[in-house]
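Shown next, in structure tokens, is the structure this report addresses.
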Amino acid sequence: MYYSRKRPLDDIPEELTAIWSCTNESCNGWMRDNFVFLVQPTCSLCNSPMEKGEKMLPAVANTSPTQSKQ
């Protein structure tokens, strides 16, 4: 018998999260705003500019003490 250690997706709380999305139509790149190190980031996949937006995502806290945007 198989027992998965993963929690079901229904138990993970989601919240409206600030993100940066790639402006290139053929790229699906995006990242959470609280994990960005630059004020105006570029896409790490295609090097295109990114624009700010929001997305419903599982709640994640960034506890890095060195998190500062340059």
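The values are calculated or read from the model by the stated rules, or taken from the named source; none is laboratory data. Predicted, not measured: the structure shown is a model, and the values here were computed from it. Cβ coordinates were reconstructed from backbone atoms using ideal geometry, including for glycine residues, and neighbour counts include every protein chain displayed.
Close contacts from segment 9-36, counting a first residue that is touching a residue at least 60 places away in the same chain (Cβ under 8 Å) and a second that is surrounded by fewer than 15 Cβ atoms within 10 Å (Cβ to Cβ), with Cβ to Cβ under 8 Å and a gap of 6+ residues or different chains, come to none at all.
The residue that is modelled with the lowest pLDDT, counting only those in segment 1-33 that are part of a loop (DSSP other than H, G, I, E, B) and in contact with a strand residue (DSSP E or B) (Cβ under 6 Å, 6 or more places away or on another chain), is 12.
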